[in-house]
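First the structure, in the form of structure tokens, and then the observations on it.
The values are calculated or read from the model by the stated rules, or taken from the named source; none is laboratory data. In this text, all values refer to a predicted model and were calculated from it rather than measured experimentally. Cβ placement follows ideal geometry from the backbone for every residue including glycine, while neighbour counts extend to all protein chains displayed. The accessibility values were calculated without ligands, DNA or RNA, using every heavy atom of the protein model including side chains. Shrake-Rupley method; radii C 1.70, N 1.55, O 1.52, S 1.80 Å.
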Amino acid sequence: MAVRAKKHLGQHFLKDETIAMKIADTLSYQGYKHVLEIGPGMGVLTKYLLKKKVTTHVIEIDRESVAYLKAHYLNLEPRIIEEDFLKYDLSQTFEKESFAVIGNFPYNISSQILFKTLELRHQIPEFSGMFQKEVAQRICSKEGSKVYGILSVLTQAFYDAEYCFTVPPTVFDPPPKVDSGVLFLKRKADYKLPCDESLFFKIVKAAFNQRRKTLRNSLKNFNLSQKLKANVIFGKRPEQLSVEAFIEMTSLIENDQN
Ligand code: SAH
């Protein structure tokens, strides 16, 4: 029996097998042995992952979906994690090994899924997922765009981001109210930033939390020296700064002599 869709878990089951296959094909399956699918539901995407030359693990919060998966994918059972992805300690499954992340994500927590991935970037070389279209576009957008923001800068500091394709509501049951978009992230060869990384996160967040202000104003709490504040970069607004400029600015703040 099919799983009854629960709204509070963001359940929109994909009906279109070709799209499931296309999502599975966005990963390269090179350079890691494990893939983790978040929110497999009834396994429409899992089925295609199981054909790849990697070990597929799934994490699913919904007991009914887990029961369905156990009944229909007999070999998967030892690799079904019945937990909340946001709370689960992934080292319990992967220890220090690398794994790719994939999923048709529950949209209510899709940004948090990405933030957790960024925290675990040392273990996650690739990431593919279905988001609300506008969130996927935001993550991939460049400076100067109206939708460029925290998620774009933090993601693109560590990963090359590619918007793959758009998916209409009609291919889901029940259909969501918005279009969806699939994106692919590939970690950069050199993803260690040449600045204090935790300071970089704080600066990007502070800058975009007051996105209409100049950086001189939004970064007041960082106690910038008068000399540093005179630098033209602080007269700009956050959406004007490329990822590289944010990194450079973090170094400037780090080395600022008050
Ligand atoms: N991949 C399936 C289902 C997508 S719907 C398909 O494409 O048809 C999103 C799935 O994420 C649901 O199965 C839902 O139960 C699951 N989910 C929601 N919140 C979760 C969480 N915090 N951790 C793990 N899975 C979650």
Leaving out same-chain residues fewer than 8 places away, which lysines sit with a Cα under 20 Å from that of residue 142? 133, 186, 188, 202, 205, 213, 236
Rounded to the nearest 20 Debye, what is the dipole magnitude of the chain about its Cα centre when Lys and Arg each give +1 and Asp and Glu each give -1 at the C-beta? 780
Please work out the Cα convex hull volume for the chain and give it in Å³ per residue. 128
Counting only DSSP beta bridges with both residues in the chain, what percent are antiparallel, rounded to the nearest 5? 55
Dipole check, the chain, charges on Cβ (K,R +1; D,E -1), about Cα centroid: among 170, 109, 215 the Cα furthest to the positive pole belongs to 215
Express in whole angstrom the spacing between the alpha-carbon centres of region 206-258 and region 91-123. 30
Counting only protein heavy atoms and leaving out ligands, DNA and RNA, the solvent-accessible surface of residue 236 at a 1.4 Å probe, in Å² to the nearest 10, equals 80
Which whole-number percentage describes the relative contact order of the chain, with Cα contacts under 8 Å and a sequence gap of 6 or more? 16
Leaving out ligands, DNA and RNA, and with a 1.4 Å probe, what % of the accessible surface on the chain is carbon or sulfur? 50
